[in-house]
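Only the coordinates and a few stated rules stand behind these numbers; no lab work does. Note that the structure is a prediction, hence the values are computed from the model and not measured. Here the Cβ positions follow ideal geometry from the backbone for every residue, glycine too, while neighbour counts run over all protein chains shown.
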């Protein structure tokens, strides 16, 4: 039977793969409360590998979130208008033309 910590780490890995970030917050207290004193050497090695796997997944998830935030910021900037540069390199944003009213 797998150790309690191994089960929690597997649950966390599954939550990471499914993008269930709220589930990670639910599992964190259980992981902190788990008792590592009862681990055998083999279990400790397995848990170390699981923790490393989860750390890689967390890094990838964080990178994805940062990328999505940058993309949303780019979209918001594009909605403000066209950004251009003059011959001296000074940045200027040209506002978008106002939307023409539509008849209903």
Could you state the number of Å between the C-alpha centres of the stretch 1-36 and the stretch 51-104? 34
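Before rounding to the nearest 500, sum -39500 (n - 2.57) across all DSSP H runs of length at least 4 in the chain and divide by the residue total; then give [θ] at 222 nm in deg cm²/dmol.
For the chain, the value works out to -23000 deg cm²/dmol.
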Matching label, Cα extents along the principal axes in Å computed from the structure shown, candidates (i) 40, 29, 18; (ii) 46, 27, 23; (iii) 69, 46, 18: (iii)
I'd like the orientation of helix 4-18 relative to the chain: the angle between its Cα long axis and the longest Cα principal axis, in ° from 0 to 90, rounded to 10. 20
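Pop the C-beta distance of residue 67 and residue 93 into the FRET formula with R0 = 22 Å and round what comes out to the nearest 0.05.
0.40
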To test your reading of the geometry: what angle, between 0 and 90 degrees and rounded to tens, separates the Cα axis of helix 21-33 from the longest principal axis of the chain? 30
Under a Gaussian network model of the chain whose springs join Cα atoms within less than 10 Å, the largest fluctuation of 81, 64, 14 belongs to 81
